[in-house]
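A.B. asks: This is the structure, below, for whatever I ask next.
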Amino acid sequence: MHYYQLHEELKQLFHQQGDFHCDENLAIEIHKYPFKSTKADGILIGSERLFCEDHQVEFQECFVKYTADTDTLLDVPDFSVKENLDFKIIVVKPNDVKVCQDVIVMFHGLNEKKWDKYLPWAYELTKRTKKAVVLFPISFHMDRTPWQWSDRKMMFEIAQKRAADWKENSDSSYVNAAISTRMEAHPQRMFWSGLQTYYDFIEWEKALRKGVFSTVSSQANIDLFGYSIGSFLSIILMMANPNNILDKAKLVCFCGGMTIDRMFPVSKYIMDGRATIMMQKIFAQLLTTSFAAEPRLNHYQSCELHPGESWFKTMLRYNHFQAEREVRLRELQGQIMSINLKNDEVAPPVEALNMLKGPYRDIDIKVDILDYPFNYTHMVPYPLTSKNAEEVDIHFNLTMDKMANFYLK
């Protein structure tokens, strides 16, 4: 079966009604578990109060509407988005293993609304390693968003307005209209939504240890897989190692592994130019002023008060907190591997080399740079066409072998 055929079969299986799917020919099971984000209240704008439970500190921060014409659709207080609070955790596993003894948590890329692309990756990793693969949605992504944010007609109108209002803007599209509008309005959402996901992951691990996920052992070792911005989040999790739950974890970064300023997400599929510039500008200003203008963000970026959460600031700009970041990465040698694609324009492989191996290449983290003999992009590493199908199969399998071998060694 070719890659594009495997993708189609898995997509059809995944989108069937119900929370349990099994395919005997593929020898795979897909389980969907309901999950509630319990730590969003107090973090996301729109909460009754913004409150740090650890230090019993309350903060004042007002929600300011950015645009009048989209305030009922996009520019809304984040805590009011109920889809972001109740969602599904998906477990992919071999059907010949009743309870998987280990698990790989997979984090996706920026502005993703469907798991389809990741299903063959999860399938091959679970087949090769016999570990369960958990598809973990980042806050305000996948099924954690209102359907309107993906509605072609509604978002096309917003994209047209963004293009018309700012002639210098680029790459506006109905696909990125929602995230572009929201990120331009409040770039700090990058941290607060990431922090929600960080806490969701910690709560998921607690639920795992209580036996909530029947297909995965409550004693399972946890590994991570991060694609694109998912690598950014995964590296922060590895550096933070909350409650020591990632002591033995291995992380595979795919098309990622660099600080956020060394990624270039301007794309019709990710973010438009204006939103990207605003995001980079705001975080550069906050870093150079030590977050002085934002007491709440400053609180969570304090190494003394929040030693785990504060690793976020070390991943914003390559030249900021470089020494601290590289000390921690040296401690994680042997636990991280990155696979990057030579022609990736969103996540340039040289930037993964610079960050993960250091400017003098004295950090022993493996970074493989691959160049497939077919047309590929950051968004579509493996084309879903019959053209070059055999080449796609060969290089997809070689890449999955590299990842699986790293998890197993």
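A.B. asks: Which residues, taken from the range 364-379, are under 30 Å from residue 8 (Cβ atoms) and either free of Cβ contacts under 8 Å to residues at least 40 places away in the same chain or open to solvent by 70 Å² or more (accessible area, probe 1.4 Å) (or both)?
C.D. replies: Filtering the range 364-379 down to residues under 30 Å from residue 8 (Cβ atoms) leaves 368-379.
Selection gives 368, 369, 370, 371, 372, 373, 374, 375, 376, 377.
A.B. asks: Follow-up question, since we're still on this one. Among the listed residues 282, 235, 270, identify the single one that is crowded, with 17+ Cβ neighbours inside 10 Å and within 21 Å of residue 365 (Cβ to Cβ). Lay out the reasoning, then the answer.
C.D. replies: Numbers: 282 fails: within 21 Å of residue 365 (Cβ to Cβ); 270 fails: within 21 Å of residue 365 (Cβ to Cβ).
It is 235.
A.B. asks: Right, something else. Which ones in the range 329-344 are within 16 Å of residue 254 (Cα to Cα) and either surrounded by 21 or more Cβ atoms within 10 Å (Cβ to Cβ) or among the hydrophobic types (A, V, I, L, M, F, W, C) (or both)?
C.D. replies: Result: 336, 337, 338, 339, 340, 341, 344.
A.B. asks: Still on this structure, I have one more. Confirm whether residue 243 is outside any loop (DSSP other than H, G, I, E, B), on the phi > 0 side of the Ramachandran plot, open to solvent by 10 Å² or more (accessible area, probe 1.4 Å) and not aliphatic (A, V, I, L, M). Spell out how you get there, then give the answer.
C.D. replies: On the way: outside any loop (DSSP other than H, G, I, E, B): yes; on the phi > 0 side of the Ramachandran plot: yes; open to solvent by 10 Å² or more (accessible area, probe 1.4 Å): yes; not aliphatic (A, V, I, L, M): yes.
So residue 243 fits the description; yes.
A.B. asks: Quick one: residue 122 ticks every box in (1) in a helix (DSSP H, G or I); (2) open to solvent by 10 Å² or more (accessible area, probe 1.4 Å); (3) not polar (S, T, N, Q) bar one, so which box is it?
C.D. replies: (2)
A.B. asks: Could you grab me the full set of residues in the range 98-119 that are under 11 Å from the mean Cα position of the chain (by Cα) and touching a residue at least 60 places away in the same chain (Cβ under 8 Å)?
C.D. replies: Result: 105, 106, 107, 108, 109, 110, 111.
A.B. asks: From the set of residues in the range 345-363 that are surrounded by fewer than 18 Cβ atoms within 10 Å (Cβ to Cβ) and touching a helix residue (DSSP H, G or I) at 6+ places or on another chain (Cβ under 8 Å), which is nearest to residue 326 (Cα to Cα)?
C.D. replies: 358
A.B. asks: Can you tell which of 173, 193 is in a loop (DSSP other than H, G, I, E, B), open to solvent by 10 Å² or more (accessible area, probe 1.4 Å) and either closer than 17 Å to residue 279 by Cα or touching a helix residue (DSSP H, G or I) at 6+ places or on another chain (Cβ under 6 Å) (or both)? Quick ask: steps written out before the conclusion?
C.D. replies: Values: 193 fails: in a loop (DSSP other than H, G, I, E, B).
Unique residue meeting the criteria: 173.
A.B. asks: Going by the conditions given, is residue 198 in contact (Cβ under 8 Å) with a residue 40 or more places away in the chain, open to solvent by 10 Å² or more (accessible area, probe 1.4 Å) and among the hydroxyl-bearing types (Ser, Thr, Tyr)? I'd like the intermediate steps shown before the answer.
C.D. replies: On the way: in contact (Cβ under 8 Å) with a residue 40 or more places away in the chain: yes; open to solvent by 10 Å² or more (accessible area, probe 1.4 Å): yes; among the hydroxyl-bearing types (Ser, Thr, Tyr): yes.
Yes.
The values are calculated or read from the model by the stated rules, or taken from the named source; none is laboratory data. From a predicted model like this one, the values you see are computed outputs, not experimental measurements. Neighbour counts run over all protein chains shown; Cβ positions are idealised from the backbone, glycine included. The protein model used for the area step is the full one, side chains on, heavy atoms only, and it has no ligands, DNA or RNA in it. Shrake-Rupley method; radii C 1.70, N 1.55, O 1.52, S 1.80 Å.
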